[in-house]
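Quick notes on the structure that follows.
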Amino acid sequence: MKYIAMLLLAFSMTAASKPAPIEHFAAKAAFVNMKISPDGKHLAFTYEDEDQVKLGVMNMKTKKGVYSFSMGPNREAAQFWWVNNKRLMIQSQRITGWLDGQQPYPELFTVNYDGKKRELMWDFQRAYIRPVSLLDDDPDHVLVTKHHFTDNFSGKLQRLNINNGKMNYMEDTPKMKGGSKSRITFIGVDNNDVPKLAVERDPMDEDDFYDDVSYLHYKNQQGEWAHLSLPKIRKDRPTLSPHGFSLDNNKFFFSSNHDLDHNGNTGFFEFDFKTNEIKLLFRHPDVDIAGTIYGKDGEVIGATYEPGYPEYYYIEDEVAQPEITLHKQLRSSFKGQEVRVGSYTKNKKMTTLYVYSDQNPGTFYLFDRSNNNVEFISKRMPDIEPSQMAKVEPFTLEARDGLKMYGQMTIPPGKELKNLPLIIYPHGGPYGAIDTWGWESRPQLFASRGYLVLQLNYRGSGGYGEDFQEAGHTEWGAKMQDDLTDATLWAINQGYADKDRVCIHGVSYGGYAAMHAVVHEPDLYKCSIPDAGIYEVELQWKKADSFKGNPKARKKYFDIMFGTHEDEAVLNARSPAMNADKVKAALLLVHGTEDVRVPIDNAYFLEEKLQEAGKPYDKIYKKDGHGFQKIPYRIELYEKMLAFLDEHIGQ
């Protein structure tokens, strides 16, 4: 791609500065998200503390903390909202991880910003609720949809009292068109908090996946509920993700792939309430619609997508132009960085901004729309100095079977992109997960010490359409592994990497891929650092908390991963530990002894097989969970990894 070609001609001619200390890369995020109160007097924020995400409140005048909320043992703050000047609504959930298979068991509660009057709103035991509107002009209520099991989890609009948890059913909910198994999955209110559009899914015959029907319920010009079937030209059920309304409430925007004859990537659509017509506004050839751009009143002004770098599509609507112009101006004010507009005060004068890039982990600002003044609040990672960080450059390549794949390289500062020691760093998940452009601690750590880091969104990753994700089904240790091999060879053949100095490292599924790489391609990699990996697939789901009490789900997931849940020859061939005799690379095994997602029994079993085969290895085990969370352990791990890399692929 052109990004890479340019880099071959341009690289830093200045002497590399001293790299940042390991401790800076091992640190937790001081801030994860921020929202300003309606009156602008307080700021609520989430932050990382050990393995939890907690919530705090800051006084905007004094810039001092007011209160810090703990969610309880093994729980974290998942979402939060200001519901009036004094009260917050917080959704907490059980801490879960990759390959978990466990329910998050969320709870919704409200509390004053000083920690007083904490009240449980909903425990999600037999039903779940979804916030619809915070009702700016009603300080005591919010709108939610309630999805109860007795209603087949079909949504009904309710007014929730944030002081006592009482709900009142709202009659203005559309009646379902489908059969007894049909359900309303979404109800949207317009910018005046009037219910105006809903989505219904009817499975028809539950044993026939291909006869599903999706309905759009909408308010017609007479203010009455009407409906239409979402058209589709293929057998499979299409995806549909609501985005919101135009400023004048005459259009509703959503992303979908209903217009395709295959399970391709989503496009950005509008539904016109005047004509009752659906129109495709934009679709990228390869990538899904990633997010929504909103104006100050919650109206949709565009969408985001990421074909390498983040990009934007703005709607062509005259009423949206002032907000679109402001959004473009904000982007131009932070050259080379991305801007996310956050929460607003009630008078729409103040809003939070989140600015990030490949070199900047994230910075929070307060923007005053009345005078265009931007006030610094805090850095996400205060110790990280962006000028010391590496650039991240996207690329594309074709797999051996012709599949187009996207990825990115973190390039060592001050180094020419030529014959560099290479670390392949596959993401976890694997299904639906994706590596996106931005700052990430481990690739930046490695790049700061002179290593080129390659991350590939191999088949099975999310963000490129259902077909791309489903291309990874049954391909654990097979085509998914071949994709990583192809990316490694691509970097070598392009001249970016030294073929004799290649290592692979990953966490969770990435740990599996790192270990399987050195039995799948034993001559390609000089070393491997598998972290929290699965090494014997049947052992994993006998010991882990994944799918406990649900053998049907376990069998289904095995079939998705390997194409079988009972063929021992296939399962053994895809289990790295069962092929330990093929290993030639140096190994550093990393695992937490308290990991319940991928139990350390995997590592113990791998050790046994390596010892039986007479293969040497090093290891670092700590009393920690799935991926080291304790900072001292992270520092020790990073020091050990760097020493290991220096020994085997360093200069």
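What about ASP467, is it over 21 Å from HIS516 (Cα atoms), out of contact with any Ser or Thr (no Cβ under 9 Å at 6 or more places or on another chain) and part of a helix (DSSP H, G or I)?
Criteria met by ASP467.
May I ask you to verify whether PHE45 is buried (at least 19 other Cβ atoms within 10 Å of the Cβ), out of contact with any helix residue (DSSP H, G or I) (no Cβ under 9 Å at 6 or more places or on another chain) and at pLDDT below 95?
So PHE45 fails the test.
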Item to check | Tally, over region 146-165, of residues that are in contact with a Gly (Cβ under 7 Å, 6 or more places away or on another chain) and at pLDDT 95 or above | outcome: 0
Next on the checklist: Here is a check on your reading of the model: is TYR309 of a type in the set (Phe, Trp, Tyr) and surrounded by fewer than 16 Cβ atoms within 10 Å (Cβ to Cβ)?
Outcome noted: yes
Checklist entry - Taking GLU277 and the conditions (1) in contact (Cβ under 8 Å) with a residue 60 or more places away in the chain; (2) open to solvent by 10 Å² or more (accessible area, probe 1.4 Å), which numbered condition does it fall short on, given that it satisfies the others? => result (1)
Item to check | Test for MET480: is it part of a helix (DSSP H, G or I), surrounded by 24 or more Cβ atoms within 10 Å (Cβ to Cβ) and out of contact with any strand residue (DSSP E or B) (no Cβ under 9 Å at 6 or more places or on another chain) | outcome: yes
Item to check | In region 606-646, the residues that are open to solvent by 50 Å² or more (accessible area, probe 1.4 Å), part of a helix (DSSP H, G or I) and over 22 Å from LYS526 (Cα atoms) | outcome: ILE631, PRO632, TYR633, GLU636
Checklist outcome for this item: Filtering region 399-418 down to residues that are over 21 Å from ILE529 (Cα atoms), touching a residue at least 60 places away in the same chain (Cβ under 8 Å) and either open to solvent by 40 Å² or more (accessible area, probe 1.4 Å) or among the small types (Gly, Ala, Ser) (or both) yields ALA399, ARG400, ASP401, LEU403, LYS404, PRO413, GLY414, LYS415, GLU416, LYS418
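So, of the residues in region 377-397 that are acidic (Asp, Glu) and surrounded by fewer than 18 Cβ atoms within 10 Å (Cβ to Cβ), which turns out to be nearest to MET58 (Cα to Cα)?
Filtering first and then ranking leaves ASP383.
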Checklist entry - Counting just the residues of region 229-259 that are modelled with pLDDT under 95 and among the hydrophobic types (A, V, I, L, M, F, W, C), which one comes out surrounded by the fewest Cβ atoms within 10 Å (Cβ to Cβ)? => result ILE233
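For region 566-582, give me each residue that is polar (S, T, N, Q) and surrounded by 19 or more Cβ atoms within 10 Å (Cβ to Cβ).
Across region 566-582, the qualifying residues are SER575, ASN579.
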Item to check | The one condition in (1) crowded, with 20+ Cβ neighbours inside 10 Å; (2) farther than 27 Å from ASN347 by Cα that LEU160 fails to fulfil | outcome: (2)
Next on the checklist: Could you check region 50-100 and list, in sequence order, the residues that are under 25 Å from GLY511 (Cβ atoms) and open to solvent by 60 Å² or more (accessible area, probe 1.4 Å)?
Outcome noted: GLU50, ASP51, ASN74, TRP98
Checklist entry - Under 9 Å by Cβ, and 6 or more places apart or on different chains, what pairs join a residue from region 502-528 that is part of a loop (DSSP other than H, G, I, E, B) with one that is of a type in the set (Asp, Glu) and crowded, with 24+ Cβ neighbours inside 10 Å? => result SER508/ASP531
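The values are calculated or read from the model by the stated rules, or taken from the named source; none is laboratory data. Not measured: the values here are computed from a predicted model. A quick note on method: Cβ atoms are made from the backbone with ideal geometry, for glycine too, and the neighbour counts reach across all protein chains shown. The accessibility values were calculated without ligands, DNA or RNA, using every heavy atom of the protein model including side chains. Shrake-Rupley method; radii C 1.70, N 1.55, O 1.52, S 1.80 Å.
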